[in-house]
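Note sheet for the following structure.
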Amino acid sequence: TRELKYEERQHLAYLKSEQNFESEEVRGATLEDLDTKLIEQYCSILGTDLSTTKDVLVGKNLISSKDQKEVVTKAAILLFGNNPQKWFDLARVRVIKYDGVEEKTGKNINHIKDEIFEGAILSQLEKTKLMIKSQLKDFTDLDTETGKFIVKPEYPEFAWLEAIINALVHREYAIKGMDIQVKIFDDR
């Protein structure tokens with residue numbers, strides 16, 4: 001047997017629910033590291049009547065006080081951070097569009113679009129959604145019953161969007177190693 005590394009012990013504690021990654025403090029982060037516009041949008045969606053956005057953050061356990069100082073959690077940085085990648089460098093989405101049905105490398109490299117989206121999770125979602133939508137085809141068919149042309153997307157938006165949302169929400173941000181990748185081929 002071997003001794004577990006610190007990161008492996010942390011991951012095991014998260015899996016056993018002994019520790020909660022999202023509620024841990026981001027050392028060095030302050031309220032200034034949070035995007036007030038994103039927080040205000042969130043408050044608007046909640047329909048909250050709390051007097052300040054700080055009250056909402058405290059109420060949702062996204063910030064707290066410790067030794068007369070504000071403590072910003074990892075969840076707050078990921079959701080509302082001005083630059084979450086400062087603390088979580090691979091908390092991003094990479095979308096790659098390939099020419100053909102397989103990924104090639106070296107002198108045969110065949111990607112025609114390769115974009116990385118950073119920022120807070122909702123910002124990544126919006127940017128990723130727009131990019132993917134621009135890369136998918138629409139097909140026009142004649143509806144024989146109405147005699148009108150109807151446009152059908154290559155893939156239903158709800159299906160691929162749900163996959164992106166799940167990847168962003170369920171990503172194991174505690175584990176370092178790889179960003180979220182979306183690969184688009186001619187046949188999938």
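The values are calculated or read from the model by the stated rules, or taken from the named source; none is laboratory data. In this text the structure is predicted, and so the values were computed from the model without any measurement. Here the Cβ positions follow ideal geometry from the backbone for every residue, glycine too, while neighbour counts run over all protein chains shown. Ligands, DNA and RNA are stripped out before the accessible areas are found, and what is left, the full protein with its side chains, is counted by its heavy atoms. Shrake-Rupley method; radii C 1.70, N 1.55, O 1.52, S 1.80 Å.
So if each residue of separation counts as 0.36 nm, and I subtract the Cα-Cα distance between Val58 and Glu24, what length gain in nm does that give?
Taking 0.36 nm per residue and subtracting the Cα distance, the gain is 10.9 nm.
Leaving ligands and nucleic acids out of the surface, order Thr140, Thr1, Thr128 by accessible area at 1.4 Å, largest first.
Putting Thr140, Thr1, Thr128 in descending order of accessible area: Thr1, Thr140, Thr128.
Near Lys113, which lysines are there with a Cα under 17 Å away, not counting those fewer than 8 places off in the same chain?
Excluding near neighbours in sequence, the set is Lys97, Lys104, Lys127, Lys129, Lys133, Lys137, Lys183.
Within the chain, which is the longest segment containing none of the GluC sites (Glu not before Pro) that sit in a DSSP loop and have at most 14 other Cβ atoms within 10 Å? Before the final figure, lay out the partial values.
Details: sites that count: Glu3, Glu18, Glu102, Glu103, Glu145, Glu154, Glu172.
My reading of the result: 19-101 is the longest stretch.
Helix 6-15: angle to the longest alpha-carbon principal axis of the chain, degrees 0 to 90, nearest 10?
Compared with the principal axis, the helix lies near 80 degrees.
Using a Förster radius of 45 Å, what is the FRET efficiency between Leu122 and Thr1 based on their Cβ-Cβ separation? Nearest 0.05, please.
Efficiency for this residue pair is about 0.55.
With every atom except the alpha carbons ignored, what do you get for Rg and Dmax of the chain, in angstroms?
Rg and Dmax of the chain, Cα atoms, are 21.0, 71 Å.
Given the protein chains as shown and a 1.4 Å probe, how many square angstrom of Arg171 are accessible, to the nearest 10?
40 Å²
Calculated from DSSP H runs of 4 or more alone, at -39500 (n - 2.57) each and per residue, what is the 222 nm mean residue ellipticity of the chain, nearest 500? Could you put the intermediate results ahead of the total?
Values: 6 runs with 64 residues, N = 188.
Rounded to the nearest 500, it is -10000 deg cm²/dmol.
Over the heavy atoms of Ile164, what accessible area does a 1.4 Å probe trace out, to the nearest 10 Å²?
Counting only protein heavy atoms, the figure is 20 Å².
Taking the Cα atoms only, what angle lies between the long axis of helix 157-170 and the longest principal axis of the chain, rounded to 10 degrees?
The helix 157-170 is inclined about 20 degrees to the chain.
Placing unit charges on C-beta atoms (Lys and Arg positive, Asp and Glu negative, everything else neutral), compute the dipole magnitude of region 73-183 about its Cα centre in debye, rounded to 20.
For this selection, approximately 480 debye.
On average, how much accessible surface per residue is there in the chain, in Å², for a 1.4 Å probe, leaving out ligands, DNA and RNA?
Per-residue value: 67 Å².
Roughly how much of Asp67 is accessible, in Å² to the nearest 10, using a 1.4 Å probe?
130 Å²
Can you give me the angle between helix 36-46 and the longest principal axis of the chain, using Cα atoms only, in degrees from 0 to 90, rounded to the nearest 10?
80 degrees
At a Förster distance of 35 Å, what's the computed FRET efficiency of Asn108 paired with Met178, Cβ-Cβ distance as r, to 0.05?
Working: r = 23 Å, r/R0 = 0.66.
It comes out at approximately 0.90.
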